[in-house]
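*Asks:* The following block contains the structure, expressed as structure tokens.
What follows is calculated from the coordinates using simple rules that are stated; it is not laboratory data. All values reported here derive from a predicted model rather than from experimental measurement. Heads up, the Cβs are rebuilt from the backbone with ideal geometry, glycines too, and the neighbour counts pull from every protein chain shown.
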Amino acid sequence: MTVLTEKNIQLTIGNTIKTKKFDDSMVHGLSHCMKAVDFIVELVDCILFIEIKDPYDPNSTQEDRETFKKEFLGAQLDEDLKYKYRDSFLYEWACDNIKKPIYYLLLVAIEELTKADLIHRTDELKRKLPWRGPKSGAWKQSIVKDCLVFNIATWNEKQPYSSSVKRI
């Protein structure tokens, strides 16, 4: 089991081959011009790009939390999330590390988000990512296999890729 920690969120994933905290200046090194997902996890049959958003971090205020929730539900964060994926993909592609399908998993640690909210945010984020490629069918490869948005409860319910998450 691999344990990944982002502030006060702890993610445990089974059967990992390799993991890295990607949103780290010592690893990524291009934060001045490229965004980065929090973690890149290689499994036997796929790669996970994982982004964690926790507006309930102990350092945030109630106003910060409300602003984040409003912006998340109102799609204002979609551009940032889209570029986190695209820039991370481009970086890993340039390193010749893309040999398996990639799944973009977004964990938003807001428990009051409903399943309908999460499905809607998943659908909207998918629209921003060219996950199916052009309608012409010109692409021979996909740049993202799927994109899913979770909160802590739905993550633990679905347990994607033999994983669980908790607040520490």
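*Asks:* Give the residues of the stretch 112-132 that are within 26 Å of residue 65 (Cβ to Cβ), part of a loop (DSSP other than H, G, I, E, B) and in contact with a Ser or Thr (Cβ under 9 Å, 6 or more places away or on another chain), sorted by residue number.
*Replies:* Scanning the stretch 112-132 gives a single hit, 113.
*Asks:* Turning to a different aspect of this structure: Only one of (1) of a type in the set (Ser, Thr, Tyr); (2) farther than 26 Å from residue 5 by Cβ; (3) crowded, with 20+ Cβ neighbours inside 10 Å is not met by residue 104, so which one is it?
*Replies:* That leaves (2) as the condition not met.
*Asks:* Turning to a different aspect of this structure: Return a yes/no flag: does the stretch 135-147 have any residue that is closer than 30 Å to residue 14 by Cβ, surrounded by 17 or more Cβ atoms within 10 Å (Cβ to Cβ) and free of Cβ contacts under 8 Å to residues at least 40 places away in the same chain.
*Replies:* No, the stretch 135-147 contains no residue that is closer than 30 Å to residue 14 by Cβ, surrounded by 17 or more Cβ atoms within 10 Å (Cβ to Cβ) and free of Cβ contacts under 8 Å to residues at least 40 places away in the same chain.
*Asks:* Regarding the stretch 30-42, can at least one residue be identified that is in contact with a strand residue (DSSP E or B) (Cβ under 6 Å, 6 or more places away or on another chain), over 24 Å from residue 152 (Cβ atoms) and surrounded by fewer than 16 Cβ atoms within 10 Å (Cβ to Cβ)?
*Replies:* No: zero hits.
*Asks:* Here is a follow-up. Could you say which residue among 87, 54, 80, 38 is farther than 21 Å from residue 129 by Cα and of a type outside the set (Ser, Thr, Tyr)? Reasoning before the result, please.
*Replies:* On the way: 87 fails: farther than 21 Å from residue 129 by Cα; 80 fails: farther than 21 Å from residue 129 by Cα; 38 fails: farther than 21 Å from residue 129 by Cα.
The match here is 54.
*Asks:* Could you list, ordered by first residue, the pairs with Cβ atoms under 8 Å in which the first is in the stretch 1-17 and polar (S, T, N, Q) and the second is loosely packed, with under 12 Cβ neighbours inside 10 Å, at least 6 apart or interchain?
*Replies:* 5/168; 8/58; 8/168; 10/3; 10/168; 12/1; 12/3; 15/44
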